[in-house]
């Protein structure tokens with residue numbers, strides 16, 4: 001019988017994103033979940049990691065500055081004004 | 001009011017300002033973040049984004065819809081930013097983007113774990129994560145800490161966490177836009193998230 005060695009805490013913290021992304025192989029998933037079930041510190045770590053993702057997700061994406069937006073609009077308008085541009089497409 | 005890619009392309013071809021402005025507003029911060037993987041400053045990144053739009057508009061008639069419009073635009077951006085970086089003699093962070101595992105990086109300071117040969121708990125926490133008080137986690141200053149932690153990341157990690165966790169892209173969208181393998185996308189995302197979590201701990205504990 002093959003004895004599957006348990007993950008250490010130090011190994012587990014490297015696998016949290018793999019776990020959350022559903023990328024762990026079935027045997028590793030079992031080892032991950034068994035470790036979490038018996039380890040308060042790693043349970044806390046996993047909770048904090050998930051909380052971090054939520055908080056990052058609550059950040060508002062940076063708005064385009066008015067200057068950058070008007071420069072980009074200028075790109076669009078000069079493209080649009082090009083003679084010979086085929087509006088209907090080919 | 002989601003428009004399909006075909007509708008967006010048709011509106012752009014017809015010269016519709018509003019459609020263009022909406023796309024710019026929605027994608028610009030991501031475009032700049034991705035360009036910053038390749039060029040060193042924000043203003044160079046913004047120039048690369050402008051050049052990208054010039055190329056995108058010029059090539060609109062050739063957009064075939066084999067990828068999404070977004071993926072196509074980001075691919076053009078990556079090429080544009082790479083070319084600009086080469087022109088300026090910058091060494092591209094290819095290894096950082098395409099083989100991040102070559103440079104190992106611990107998610108948590110190794111000092112916080114017991115040695116591998118510890119008799120009772122090898123590799124266990126010696127300095128476990130402290131509790132982070134929820135009332136402070138949701139405070140406005142904490143958002144600042146998170147934003148700063150993201151800004152301080154290496155550009156590739158910053159781009160991946162911004163696209164995935166701030167902008168809410170799927171892993172597939174990020175992989176396609178940046179031409180990353182599944183594994184490398186995950187490595188970069190994990191490193192970024194680990195550092196942001198650590199910065200919260202440093203700030204709150």
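Summary table below
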read-out	value
Search result, residues across region B:12-43 that are surrounded by fewer than 16 Cβ atoms within 10 Å (Cβ to Cβ) and closer than 16 Å to residue B:71 by Cα	B:26
Scan of region B:1-46 for residues that are at positive phi and within 16 Å of the chain's Cα centre (by Cα), ordered by number	none
Top-ranked residue in region B:132-151 [being touching a residue at least 40 places away in the same chain (Cβ under 8 Å) and in a loop (DSSP other than H, G, I, E, B); ranked as surrounded by the fewest Cβ atoms within 10 Å (Cβ to Cβ)]	B:133
In region B:164-181, the residues that are within 23 Å of residue B:106 (Cβ to Cβ) and at pLDDT below 95	B:180, B:181
Total residues in region A:23-77, condition facing chain B (nearest Cβ under 7 Å), in contact (Cβ under 8 Å) with a residue 12 or more places away in the chain and out of contact with any strand residue (DSSP E or B) (no Cβ under 7 Å at 6 or more places or on another chain)	3
Residue in region B:89-103 that is without any contact (Cβ under 8 Å) to a residue 24 or more places away in the chain, under 27 Å from residue A:5 (Cβ atoms) and assigned by TED's automatic domain parsing to the domain that holds residue B:182 present	yes
Residues being under 20 Å from residue A:76 (Cα atoms) and more than 16 Å from the chain's Cα centre (by Cα) - total across region B:47-75	18
Test: residue in region B:187-195 that is out of contact with any strand residue (DSSP E or B) (no Cβ under 9 Å at 6 or more places or on another chain), assigned to a helix (DSSP H, G or I), without any contact (Cβ under 8 Å) to a residue 40 or more places away in the chain and over 30 Å from residue B:78 (Cα atoms)	no
Subset of region B:62-91 (residues that are within 14 Å of chain A (Cβ to nearest Cβ) and either at pLDDT 90 or above or surrounded by 13 or more Cβ atoms within 10 Å (Cβ to Cβ) (or both))	B:62, B:63, B:73, B:76, B:77, B:80
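The values are calculated or read from the model by the stated rules, or taken from the named source; none is laboratory data. Computed from a prediction, not measured in an experiment: that's the story for all the values here. Neighbour counts are summed over all protein chains in view; Cβ atoms, including those assigned to glycine, are modelled from backbone coordinates with ideal geometry.
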